[in-house]
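The values are calculated or read from the model by the stated rules, or taken from the named source; none is laboratory data. It should be emphasised that the depicted structure is a prediction, and the values quoted were computed from it without experimental measurement. Cβ atoms come from the backbone with ideal geometry, glycine included; neighbour counts cover every protein chain shown. Surface areas here come from the heavy atoms of the whole protein model, side chains and all, with no ligands, DNA or RNA. Shrake-Rupley method; radii C 1.70, N 1.55, O 1.52, S 1.80 Å.
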Amino acid sequence: MTADESRDFGNDMNQILFINLITMLGSSAMQQMGKLVNPITKKTEINLESAQITIDMIAMLKDKTKGNLSDEENAVVADILSSLQMNYVETTKEETAKKTNDKTESKEDTKNTDDPDPDPTNTSEEQAEQKQPGLHNSYEQGPEE
């Protein structure tokens, strides 16, 4: 193997390793956004903070390697980064909507458990009697004969 061939092999290997690194980071971010199943837990898990950090790492690598990448490497980084950013926005919107729905349902559940009689025309005495029937009037009747 000549020196030129050795250098070309080293460059090819570095290109393969770099693309593999970016792909691994991309897969990790997709897993962190719940788009891929965690191979260890066999569950989809969402950790948007970790996903954001992973996406930021890929963006940093893109900036730090600017001018030093082949066209293929640039294309891979750009494609993975844009795909991750779009998925991140989508997942963030979905999670925000879920939290909003959960809060709304939680408030409705609280209203329903606090007031078992949703009829606003009932007086507080009527409501108390419905909660504890028989106790409301027992003091009014006096002792039984």
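Could you rank Thr91, Thr100, Thr65 by how accessible they are, 1.4 Å probe, largest area first?
Details: Thr91 0, Thr100 75, Thr65 30 Å².
Final ranking, largest accessible area leading: Thr100, Thr65, Thr91.
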For this session: Kindly count the pairs of lysines across region 7-110 whose alpha carbons are less than 29 Å apart, treating pairs on different chains or eight or more residues apart as eligible.
Result: 21
Exercise. What is the extension gain from Asp102 to Glu72, computed as 0.36 nm multiplied by their sequence separation minus the C-alpha to C-alpha distance, in nm to one decimal?
Worked result: 6.4 nm
For this session: Mind putting a number on the dipole of region 25-104 about its Cα centre? Charges go on the C-beta only, +1 for Lys and Arg and -1 for Asp and Glu, and I need it in Debye to the nearest 20.
Result: 340
